[in-house]
Structures are given as C-alpha cells and as structure tokens.
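All remarks here apply to the structure that follows.
The values are calculated or read from the model by the stated rules, or taken from the named source; none is laboratory data. The structure displayed is predicted, hence computed values, not measured ones. Using ideal geometry, Cβ is built from the backbone for each residue, glycine included, and neighbour counts are taken over all protein chains shown.
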Amino acid sequence: MVDHLSEADRSALMARVRGKDTKPEMIVRRIAHRLGYRFRLHRKELPGTPDLIFPARRKV
C-alpha cells in the first residue's frame, strides 16, 4: 500500500491524533464514576499505558 501523503503531511496528521482524553474515553469515565468505580488514569509504569486502572480490583 502506497501512502498518498508526503512524510511531512503524514507527520502533521498523526500529531493531531489524541492519545488521551478522547470523547469515547470521557464517556466511559463518566459512566464508570457514576456507577461508583474509582480509578486512576494513564499509568506510565504499566505496559501499554492503559487509560483506566482500577487499583482496588487490580484491573485495567
């Protein structure tokens, strides 16, 4: 597959892609919080830097 964008254009496009606090993530966070789940966000020491970490349940 040949990329139709130049390297500079591709870089600019990818720079605009958000990795944190996206709209779907915010919706899930609001629902989880309303349901009483308490969590931590974006722990860098975990592999893959998960969005939500539930320390009391030892789940990500």
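Data overview
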| quantity | calculated |
| --- | --- |
| Subset tally (residues that are assigned to a helix (DSSP H, G or I), of a type in the set (Lys, Arg) and in contact with a strand residue (DSSP E or B) (Cβ under 8 Å, 6 or more places away or on another chain)) for the stretch 20-43 | 1 |
| Single condition residue 53 does not satisfy, out of (1) assigned to a strand (DSSP E or B); (2) surrounded by fewer than 12 Cβ atoms within 10 Å (Cβ to Cβ); (3) of a type in the set (A, V, I, L, M, F, W, C) | (2) |
| Residues of the stretch 1-37 classified as basic (Lys, Arg), at pLDDT 95 or above and under 18 Å from the mean Cα position of the chain (by Cα), total | 2 |
| Cβ pairs under 8 Å, 6+ apart, first in the stretch 1-26 and over 17 Å from residue 49 (Cβ atoms), second outside any helix (DSSP H, G or I) | 10/3; 13/5 |
| Where a residue in the stretch 33-53 is at positive phi and its partner, wherever it lies, is surrounded by 10 or more Cβ atoms within 10 Å (Cβ to Cβ) and of a type in the set (Ser, Thr, Tyr), with Cβ under 7 Å and at least six apart | 42/49 |
| Members of the stretch 20-46 found to be exposed (fewer than 10 other Cβ atoms within 10 Å of the Cβ) and among the hydroxyl-bearing types (Ser, Thr, Tyr), listed by number | none |
| Members of the stretch 1-19 that are surrounded by fewer than 10 Cβ atoms within 10 Å (Cβ to Cβ) and in a loop (DSSP other than H, G, I, E, B) | 1, 2, 3, 4, 6, 16, 17, 18, 19 |
